[in-house]
1. Mind jotting down the three principal axis lengths of the range 155-232 based on Cα atoms? Whole angstrom, largest first.
2. Run the simple label-point estimate for residue 148 and residue 216 please: 7 Å along Cα→C-beta, distance reported in nm.
3. Once you list every other residue whose beta carbon is under 15 Å from the beta carbon of residue 198, what net charge do they have if Lys and Arg are +1 and Asp and Glu are -1?
4. For residue 110, what is the net charge nearby, where nearby means another residue's Cβ is under 15 Å from its Cβ and Lys, Arg count +1, Asp, Glu -1?
5. Provide the gained length on full extension for the span residue 157 to residue 201, in nm with one decimal, where the gain is 0.36 nm per separating residue minus the Cα-Cα distance.
6. Taking the Kirkwood radius as the inverse of the mean 1/r across Cα pairs, report the Rg/Rh of the range 107-177.
7. Please arrange 223, 130, 184 by how many other C-beta atoms lie within 10 Å of their C-beta, fewest to most.
8. Less than 12 Å Cβ to Cβ from residue 141, Lys/Arg counted +1 and Asp/Glu -1: what total charge do the surrounding residues give?
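Read-outs throughout are calculated quantities, based only on the coordinates presented, and are distinct from any laboratory measurement. Treat the numbers as computed from the prediction; the structure is a model and nothing was measured. Cβ coordinates were reconstructed from backbone atoms using ideal geometry, including for glycine residues, and neighbour counts include every protein chain displayed.
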Amino acid sequence: MQCTCKALTMSAIGWNCIRSNNTCQLFYNYFTGDTGLTSLTNITFKFQQFPNRSLSTTKTVAMVTSNDQMTTLGETTQAPSSLLCNITTASLPSNNWTLFTTTYRGTHAGNTSLIFYFVASPSYNWYFDDASVKDSVGNEKFINGNFDNSTTLVGWTDGYNGVCSYNYGLTTSNYYSANTSYYDSCTLGVIWISQNFIGSVGELYNISFRLYLNKVSSPSSFDIAQMNLSIV
Ligand SMILES: [Ca+2]
């Protein structure tokens with residue numbers, strides 16, 4: 001049997017190769033009692049060097065420690081279309097509000113969009129609160145970043161790609177600032193929520209937001225929720 005596994009990523013601490021539809025799947029963050037794992041002995045692994053390819057323009061990766069309430073993402077200077085963070089269930093403690101901060105150096109004048117993307121999973125959904133963009137002298141560029149000023153989504157636009165008709169939007173069931181946040185429990189589609197501001201070239205913007213990864217059931221090895229932010 002021959003199969004090809006993708007590279008170990010994130011906080012992988014173990015891996016396995018199974019054959020399903022002629023594809024391989026990567027186990028990571030498994031726990032020792034996982035019944036899906038099989039120990040084998042006298043197995044030969046061969047590692048193949050793939051051809052070089054150009055790196056993406058992704059600048060930063062979230063760095064989270066389990067007891068840390070604040071996470072700093074590196075500065076990006078690569079807008080438009082820069083992917084600012086790659087937050088997954090493997091890198092974020094669940095059932096805890098975590099503050100994320102980053103900076104963005106303005107690369108173009110005029111309309112600048114921050115687009116937050118969320119993918120939920122059967123065992124995880126997202127809460128999002130207190131988004132902020134401040135210029136170098138502290139002026140807030142976002143409107144209603146805490147979602148608390150209205151029962152409608154004032155200042156924001158949102159939507160989805162894929163299949164997701166109702167399970168996202170404003171909620172009062174969990175929040176960091178009282179008493180509303182934005183949530184996503186859509187597992188088949190990608191939810192996006194966006195806000196624009198007028199940017200300036202060279203200006204340093206301080207971006208922050210809070211996330212709560214809500215674990216609603218015991219996840220399987222492949223149960224992954226994700227969140228990303230891009231600036232366009
Ligand atoms: Ca709020």
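1. Over the range 155-232, Cα extents along the principal axes are 45, 29, 25 Å.
2. 2.6 nm
3. Combined, the nearby Lys, Arg, Asp and Glu give -1.
4. -1
5. 13.4 nm
6. 0.99
7. Lowest count first: 223, 130, 184.
8. -2
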